[in-house]
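One structure below.
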Amino acid sequence: MYKILEKKMLTSNIIWMVVEAPRVAKHAMPGQFVIVRSEEDGERIPLTICDYDREKGTVTIVFQPIGASTEKMKHLEAGEGFVDVVGPLGQASELCSEDPETLKNKKIIFIAGGVGTAPVYPQLKWLYEQGAPADAIIGAKSENFVILEKEMAAVADNLYITTDDGSYGRSGMVTKCLEDLVNSEGKHYDLCVAIGPMIMMKFVCKLTEQLGIPTVVSMNPIMVDGTGMCGACRVLVGGEVKFACVDGPEFDGHKVDFDNAMKRQAQYKTEEGRMKLALEEGDTHHGGCGHCS
Ligand code: NAD
Ligand code: FES
C-alpha cells in the first residue's frame, strides 16, 4: 500500500495529498506524472506530480474529482492509501536538460490555469533551485479557486494572480494578464510554459504566436490510461500523430492542433465515439507496442 501521509483541501473540491512512494520520488522529475489506483480493479488515474521529496520518499499529488474514481479518492484520509502509485511516467520537462547557465539568461513565464497550477509548481521550483527563477501567472475563476499561491510565490521571480471575476489580484483571464505584461508593462519573455484547461492553452498559444514567444503546453488533460494503449491522448503536433502519455505530456504549443484534440476528447467519452475514432484513425488510433514499449 502507498500510504497517504498528509491530506488537505486546497479549495472545496481540490485535494492535496502527500503519498509515500519512495521509488517514484527517487526518480521523479518536473513534468512527469504517476498513475494511481485507489482499489484493486479500480480505474487508473494519471496525475501530474506536484512535488517530490527524495529524502522522505514522498510524492505530492493534487486533483479535482471529475468521475466516480476521483470522487472516491477524495474521501481517502491520511493513514489510508492507494493500492498502486506507478511512475514516474512521461518525459521530464525539456527545461531540466538545459544548461543552468543558459537558463539564467532566458526569461521564462509560466501560465498556470486553475488546477494546472499543480504541475507548474515543480518546474518553477526546479528553476529556482538552479538559480534561474521565472515569472508566473496564476489564473482562477475567483479568489476561492486560487491554489498554491504561497508555494508559487516562494519560488517565482514575479508572481501575478488574475481572476476571471476580478475578486482577487488582477481582473480577467490569463491571456489579458500576459498581454498587459508584454504590451503595457515592458516585460519581455523568451519562453512561455502554459498548463491548464485545453481552451486556456489554445488561447494562450494564439496570443504567444502573435507576440512571438515560443510556447510549451502540457496535454495531460486528455490522458486516460497513461500507457500508450487506449488511444485517448492521441494528438496532432505539426501534423504528426503523438500520444501525450508517452511522447509528452509537453509539446510545442504552436504546433498542437487544439481544435482536433478538444473535438476528439469529447468524442472519446462515448463508446460510439470511440468506435468511430478507431475506424477513422485506423492503425494510428492508439500507440500500441510501437509507443508503449
Ligand atoms: P478554469 O476553468 O478555472 O480556468 C483556469 C483559468 O484558465 C481561468 O481562470 C482563465 O484565466 C484561463 N482560461 C480559461 N478559459 C480561457 C480562455 N478561453 N481564454 C483564455 N484563458 C482562459 O480551470 P479549472 O477548472 O481549474 O481547470 C480544470 C481543467 O484543468 C481540467 O480540464 C483539467 O483537465 C485541466 N488540467 C490541466 C493540466 C495540464 O497538465 N494541462 C493539469 C491539471 C488540470
Ligand atoms: Fe491512453 Fe495515452 S492515455 S494512449
Practice task
Compute the whole-percent fraction of alpha carbon pairs in segment 108-211 spaced more than 25 Å apart.
Solution key: 10
Completion exercise
Residue by residue through segment 197-214, the couplings from Karplus 6.51 cos²θ - 1.76 cosθ + 1.60 with θ = phi - 60°, in Hz, x for Gly and Pro, are x, 4, 4, 5, 5, 4, 6, 5, 5, 4, 5, 5, 5, 5, 7, x, 10, x
Problem - Mean Cβ neighbour count within 10 Å, used as a protection proxy, ranking 147-159, 46-58 highest first - result: 46-58, 147-159
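Using 1/(1 + (r/R0)^6) with R0 = 45 angstrom and r between the beta carbons of S184 and K8, what's the FRET efficiency to the nearest 0.05? Don't skip to the end; give the middle numbers.
On the way: r = 37 Å, r/R0 = 0.83.
Calculated transfer efficiency: 0.75.
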Practice task
Quick one: what are the phi-derived ³J(HN,Hα) couplings along segment 102-119, Karplus 6.51/-1.76/1.60 with θ = phi - 60°, whole Hz, x for glycine and proline?
Solution key: 5, 4, 5, 8, 9, 9, 10, 10, 9, 10, 10, x, x, 4, x, 5, 4, x
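Going by average Cβ density within 10 Å per residue, which order do the peptides 20-27, 217-224 take, highest to lowest? Each step should come with its number before you reach the end.
Values: 20-27: 17.4, 217-224: 23.4.
Ranked by mean Cβ neighbours within 10 Å, highest first: 217-224, 20-27.
How big is the convex hull of the Cα atoms of the chain, per residue, in Å³?
Working: hull volume 38.7 nm³, N = 293.
Value for the chain: 132 Å³ per residue.
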Practice task
Give the Rg (one decimal place) followed by the Dmax (whole number) of segment 1-76, computed from C-alpha coordinates and expressed in Å.
Solution key: 11.8, 33
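Counting Lys +1, Arg +1, Asp -1, Glu -1, what net charge surrounds E281 among other residues with beta carbon under 14 Å of its beta carbon? Before the final figure, lay out the partial values.
Details: positive: R234, K242, K263, R264, R274, K276; negative: E240, D257, E280, D283.
Spelling it out: positives minus negatives among the neighbours equals +2.
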Handout entry: Size of charge dipole - the chain - debye, nearest 20, with Cβ of Lys, Arg +1 and Asp, Glu -1, no other charges
Key = 200
Completion exercise
Karplus ³J(HN,Hα) for segment 21-32 (6.51 cos²θ - 1.76 cosθ + 1.60, θ = phi - 60°; Hz, whole; x = Gly/Pro) runs 7, x, 5, 5, 4, 4, 10, 4, 10, x, x, 8
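Where a number appears in this text, it was derived from the coordinates with a stated rule and is not lab data. Please read these numbers as outputs of a predicted model, since none were measured by experiment. Neighbour counts run over all protein chains shown; Cβ positions are idealised from the backbone, glycine included.
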